[in-house]
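The values are calculated or read from the model by the stated rules, or taken from the named source; none is laboratory data. Keep in mind the model is a prediction, meaning the values are calculated, not measured. Reconstructed Cβ throughout: ideal geometry from the backbone, glycine too, with neighbour counts over all protein chains shown. Just the protein is used for accessible areas: all its heavy atoms, side chains included, with ligands, DNA and RNA removed. Shrake-Rupley method; radii C 1.70, N 1.55, O 1.52, S 1.80 Å.
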Amino acid sequence: MLNDTPIVPYIPAKDMARARKFYEEKIGLKPKQEYAGGVIYECGKGSWVFMYPTPNAGTSQASTAFWAVEDVAAEVAALKSRGVTFEEYDMPGLKTIDGIATGGGAKTAWFKDSEGNILAVSQRL
């Protein structure tokens, strides 16, 4: 049954070379395997993500995925030092300060990758 099976997030990429550079140099992910024109990246605790080529990358206005982190402020600082730019939001129910929003039991910061996909780092409170 699906409730006993791992789920693997997909990250779409218009330009695989550009996307790989972003994920490997700015985010710090290490490729585990190239597969079907894409690349598998291992993340923490046995999780992984599959980046694949598609002309539809960056078309969603919603978050694609988030990393669950212990200290969102430290992760934001580390990613900023590598050139990642965080989104700033100011709307009813969501306001970021230095890229970080607090609410709903979490601190979360969103950024866009080289392909326009929205990703986040989030710390449960």
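Looking at the stretch 6-125, what % of the alpha carbon pairs are farther apart than 22 Å?
Roughly 33 percent, once rounded to a whole number.
Over all directions, what mean area does the Cα convex hull of the stretch 61-102 project, stated in square nanometres?
About 3.6 nm², averaged over all directions.
Which value in deg cm²/dmol, rounded to the nearest 500, describes the helix-derived mean residue ellipticity at 222 nm for the chain, given -39,500 (n - 2.57) per DSSP H run of n ≥ 4 and division by the residue count?
Numbers: 2 runs with 16 residues, N = 125.
Helix-only estimate at 222 nm: -3500 deg cm²/dmol.
Sorting check: for 60-67, 101-108, which peptide has the highest mean count of neighbouring beta carbons within 10 Å, and how do the rest follow? Show your work: numbers first, answer last.
Values: 60-67: 12.9, 101-108: 15.5.
Packing order, densest peptide first, comes out as 101-108, 60-67.
Rounded to the nearest 10 Å², what accessible area does Lys32 have for a 1.4 Å probe in the complete protein model?
Lys32 has an accessible surface of roughly 130 Å² with all protein chains in place.
Comparing Met16, Met51, Met91, which has the greatest mean-square fluctuation in the GNM of the chain with Cα pairs linked when under 10 Å apart?
Per the Cα network of the chain with a 10 Å cutoff, Met91 tops the list.
Between helix 72-81 and the chain, what is the angle of the helix's C-alpha long axis to the longest principal axis, kept within 0 to 90° and rounded to the nearest 10?
60 degrees
Would you list, by chain and number, the lysines whose Cα falls below 24 Å from the Cα of Lys26, excluding same-chain residues fewer than 8 positions away?
Lys14, Lys45, Lys80, Lys107, Lys112
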